[in-house]
Amino acid sequence: MAGVFSYESSEIDWCEDNYKHSGHIVEYFNTISSFFFFIISPIMLYLLHPYAKERNLAIHMVWTMMIFVGLFSAYFHMTLSFVGQMLDELSILWVLAMVYVVWFPRRLFPSFIKDRSTFSNLVLVITIVSTLSSFVKPTANAYVLNCFGIHMVYMLAVEMKCCTDQKALRLCKVSVALWVLAVSCWISDRFGCSFWQSLNFCYLHGIWHILIVIAVAYGTTLIAYLDASYEIPYSLPVLQYWPCDRWAVGIPHIVLKGTTKTQKRC
Ligand SMILES: CCCCCCCC/C=C\CCCCCCCC(=O)N[C@@H](CO)[C@H](O)/C=C/CCCCCCCCCCCCC
Ligand SMILES: [Ca+2]
Ligand SMILES: [Zn+2]
């Protein structure tokens, strides 16, 4: 039993050299880069708060759970233990489930599902089954998770098909480009390690951590904006960039220009 906690008990070993910078941390840069989740998550909780307050506070679960993804990712790369691997992958699975529960568009529900609470129960059952199945062939988990990621990008493309809002279109292009870049780093680290070792550059998995957290920040803002436009249109959601809306780069967030539902009734 203790074996599953022991260093390097996972079947997975990323390209970065082990114990290069510390005798206690197996993959140093991969561990350090996981801390990006701790920087981005509180910022996203803060930026999404006005929208979450108006729509549903359960939305905050997504970025709260992302803090745990960062924590488990750091633990996994620090130890490369089997327990670390499972915590890392299962925390991602549950965040993905949460994203489906809070943001999956109502009009795209399968015809036999009438409301979001039935949809949430279905997602819960699928997530529990996937959690149990993840122990059957743990090396396959990461590929399955990436397939869920592809499905999310596909759903986003379906949602954006009729969109004419230039700011939303731009945010979509940047998010998808970041995601493609992130996944390319992940695949390249997995399958092209000998090439990167010959260049003495084995940091692609750490770069994936940084790019994917930014892609998810951009992607969740966009999906939240689309959700607000459909579900709480009276709040007049607008996309803006922080710190300056006119700059080409910045952190996107939603500003609600309208009155709240309660104020409207008064
Ligand atoms: C439509 C846009 C909605 C965006 C919602 C995205 C929800 C993402 C939920 C979790 C993503 C966290 C991924 C971080 C992983 C960090 C830990 C890690 O590196 N783990 C690896 C081992 O160290 C493991 O091998 C990785 C497995 C693959 C995870 C795949 C996650 C899919 C992410 C999908 C992101 C979509 C972004 C779309 C932007 C347009
Ligand atoms: Ca390694
Ligand atoms: Zn990782």
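What to note about this one:
- Ranking of 186, 208 by count of other Cβ atoms within 10 Å, fewest first: 186, 208
- Overall, the chain carries a charge dipole of about 1380 debye about its Cα centre when +1 sits on the Cβ of Lys and Arg and -1 on the Cβ of Asp and Glu, all other atoms neutral.
- Qualifying chymotrypsin sites (Phe, Trp or Tyr not before Pro) in segment 86-158, DSSP loop, other Cβ atoms within 10 Å at most 14: 112, 135
- The chain, helix-only ellipticity at 222 nm - DSSP H runs n ≥ 4, -39,500 (n - 2.57), divided by all residues, nearest 500: -21500 deg cm²/dmol
- Calculated P(r) of segment 108-259 - Cα pairs past 17 Å, %: 72 percent
- Non-local lysine pairs in the chain, meaning eight or more places apart or on different chains, with alpha-carbon distances under 20 Å, amount to 5.
- Other residues whose C-beta falls under 12 angstrom from the C-beta of residue 29 contribute a net charge of -3, scoring Lys and Arg +1 and Asp and Glu -1.
- In angstrom, the C-alpha Rg and Dmax of the chain are 19.7, 69.
- Summed residue charge, Cβ within 12 Å of residue 255's Cβ, Lys/Arg positive, Asp/Glu negative: 0
- Summing Lys and Arg as +1 and Asp and Glu as -1 over all other residues whose Cβ lies under 11 Å from the Cβ of residue 218 gives a net charge of +2.
- Applying both filters, DSSP loop and at most 14 other Cβ atoms within 10 Å, to the chymotrypsin sites (Phe, Trp or Tyr not before Pro) of segment 212-249 gives 247.
- Separation of alpha-carbon centers, segment 229-251 and segment 129-153, rounded to whole Å: 33 Å
- Order of 147, 162, 185, 193 under a 10 Å beta carbon neighbour criterion, fewest first: 162, 147, 193, 185
Where a number appears in this text, it was derived from the coordinates with a stated rule and is not lab data. Not measured: the values here are computed from a predicted model. Backbone-built Cβ (ideal geometry, glycine too); neighbour counts: all protein chains shown.
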